[in-house]
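Below is one structure, written out as structure tokens; the observations come after it.
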Amino acid sequence: MTVPAWHLDAETARQYADGALATAFASSVEQHLVACPACRGVVASAVDTQRLDRVWNEVVDRVTAPRIGVVERLFQRLGVGDTTARVIAATPSLRAGWLTAVASLLGVSLLVARSGEHGVAVFFTLAPLLPMLGVAVAFGPWVDPAYDMVSASPYDNFRLLLARAVAVTVATLGLVLLAAILLPGAQWLAVGWLLPALALSVLTLAAAPRIEPTHAAAVLATAWLLVALPALRPRADPLLATQASVQWVSLVALAAGILVLAQKRRTLSAQPWRI
């Protein structure tokens, strides 16, 4: 006796398309569909094409979405919005290459600092410049491959530069502070570079609306080198950069930079600008 061929009826096809069949029965249906073009046609006609398109679009979005990096994930865990975290994480001076270069330069300066009395002056010459240079390359057409895309983000550039500058400064200061703790000599030497570093970074940021950060950093770096390099002379004080006069001038410059930023906050946040 020949067993008649079994095929899906319209109701079974609809339940299968809706995912309403029991697991065992659904497995049997799937096995049948592999070998039966007619039943595949019945199921296709029962499928909600709009729902199928939504599912497919979600799959495409999930597959093509860029991978979230460590920096971006860290910002998200700190409560920063997804879009803001992404444009900050794209900062050139937050990338592994830049931070590795900073760490390597600090390592070399530490070796020099331990080589002799005046070696520590090399560290105090370089340490305040590193956070400022990180701020200078945080945002600009010549250093950021994603500059055009970031400029089109729903933020005014000043707010974005401020967010990036804070992130870069914190990251770089952390590396410099770790290196400073390893300096030979008194423990207070570990923070002698902090005020000059903050002052240079804030002044670079305060000048950004009118002067490209890399240009401002070049001028400020030259000024700092004129102050710090004399400490390398044989009979000079190797701790020249930590003297009270330098610290007071740095404090005044830091306060002035913060005041400028506070005054420009309202006017600059109201309209976008381009570096």
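The values are calculated or read from the model by the stated rules, or taken from the named source; none is laboratory data. Being a predicted model, the structure only gives us computed values, none of them experimental. With ideal geometry, Cβ positions are generated from the backbone for all residues, glycine too; neighbour counts draw on all protein chains shown.
In table form, for the structure just shown:
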| item | result |
| --- | --- |
| Elements of type helices (runs of 4 or more DSSP H) contained in the stretch 1-53, each with 2 or more residues being acidic (Asp, Glu) | 10-18 |
| The stretch 228-246 residues that are assigned by TED's automatic domain parsing to the domain that holds His118, paired with ones that are assigned to a loop (DSSP other than H, G, I, E, B) and not acidic (Asp, Glu) (beta carbon under 7 Å, 6 or more apart) | Pro230/Ala236; Ala231/Pro238; Leu232/His118; Pro238/His118; Ala241/Gly192; Ala241/Trp193; Thr242/Gly192 |
| Selection status of Leu129, modelled with pLDDT under 80 and of a type outside the set (Phe, Trp, Tyr) | no |
